[in-house]
Amino acid sequence: MIESKNEEQKAMEQSNKSFNGKMAAFEVVSSSLLSQLQKKAQLTDELQDKLLRTLADWDNARKRMAKEKEEAIKLANTKILEALLPVIDNFEIGIQSSQKATDVQSVITGVQMVLSQLVQILKEEGLEPIEALGKPFDPNFHESLGFVETDKVEEGSVATQLRKGYMYKGRLLRAATVYVAKKPESAVKNDLPLEEIEEDKTV
C-alpha cells in the first residue's frame, strides 16, 4: 500500500517536472516571439516614419519647383516688358512729332522704324512670322476664307494674306488668314478641249 502511494507520488512529481519543463520552454519561445514582434513593430514604425518624411520632402520639392517656375515666368515677362519700354517711348515721341510735322512721309517713316524695332524685339523672344504669300496652302499654318481667281500664283497656293500668322519657338501661335488661288474661268475654258468650249457657247 505504501509502495503504491510512493509510486503515485513519484508519477505526480515526474508529471509536474514535465509540465514545468514544458512551461519553461513555452516561456522561452513566447519571450523570443515577443522580442521578434517588438523588433518588427519598431522596424515598421521606422519605415512608416521614413515614408512620411519622404512624402513630406517630395511635397516640399514639388512646391519649390512650382514656385521657381512661377518666378522664372515672372522674370521672363519682366525682361520682355523691359525690352518693350523703348518701343512705347518711341511711339510717344512719334505721336508728339506727328502733331507738328508737315511731311506725312516722315511720320510714316518714323512709324515704320518703331514697328521694325518691335518686330526685332519679338523675334529675339522667339516670335517668327509665317511665310504665306505664294506658298502652297497648308491647313496646319493657314486658315482659308475662300478662293480667289488669279493667274499670278499657282492654283492651290496662297493668293492673298489678310492677317499674318506667327510661330512662337517652333509652335503655331496663330494661323495666317488667307485666300487660296484658283484658275480664272477664262483659263479653265482655254484648258478645255475645243468641242467642250463650243458646247459651252451654245448654252
- Task: Scan the stretch 118-142 and report the pairs whose first residue is within 13 Å of Tyr168 (Cβ to Cβ) and whose second residue is among the aromatic types (Phe, Trp, Tyr) and in a loop (DSSP other than H, G, I, E, B), with Cβ atoms within less than 6 Å and a gap of 6+ or a chain change.
- Result: Ile130/Phe141
- Message: So if I check each of Lys135, Lys123, Lys79, which one is basic (Lys, Arg), surrounded by 13 or more Cβ atoms within 10 Å (Cβ to Cβ) and modelled with pLDDT of 85 or more?
- Response: Lys135
- Task: Determine whether the stretch 170-188 contains at least one residue that is at pLDDT below 90 and in contact with a helix residue (DSSP H, G or I) (Cβ under 7 Å, 6 or more places away or on another chain).
- Result: no
- Could you please find all residues in the stretch 146-170 being assigned to a strand (DSSP E or B) and within 23 Å of Ile73 (Cβ to Cβ)? Tyr166, Met167, Tyr168
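Residue-wise test of (1) touching a residue at least 12 places away in the same chain (Cβ under 8 Å); (2) within 22 Å of the chain's Cα centre (by Cα); (3) under 27 Å from Leu127 (Cα atoms); (4) not in a helix (DSSP H, G or I).
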position: Lys40; (1), (2), (3), (4): no, no, no, no
position: Gln48; (1), (2), (3), (4): no, no, no, no
position: Thr54; (1), (2), (3), (4): no, no, no, no
position: Leu85; (1), (2), (3), (4): no, no, yes, no
position: Val107; (1), (2), (3), (4): yes, no, yes, no
position: Val111; (1), (2), (3), (4): yes, no, yes, no
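Quick check on the stretch 1-15. Is at least one of its residues among the β-branched types (Val, Ile, Thr), loosely packed, with under 10 Cβ neighbours inside 10 Å, farther than 30 Å from Leu122 by Cβ and at pLDDT below 85? Even if it seems obvious, please write down each step before you answer.
Taking the stretch 1-15 as the starting set, the residues that turn out to be among the β-branched types (Val, Ile, Thr) are 2.
When the remaining residues are screened for being loosely packed, with under 10 Cβ neighbours inside 10 Å, the result is 2.
Pick out the ones that are also farther than 30 Å from Leu122 by Cβ and you get 2.
Cutting the leftovers down to at pLDDT below 85 gives us 2.
Yes, the conditions are met somewhere in the stretch 1-15.
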- Query: Out of (1) modelled with pLDDT of 95 or more; (2) under 24 Å from Asn77 (Cα atoms); (3) acidic (Asp, Glu), what's the single condition that is false for Glu143?
  - Reply: (2)
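The values are calculated or read from the model by the stated rules, or taken from the named source; none is laboratory data. Remember, predicted model here, so these are calculated numbers, not experimental data. Here Cβ is always computed from backbone atoms with ideal geometry, including for glycine, and neighbour counts include all displayed protein chains.
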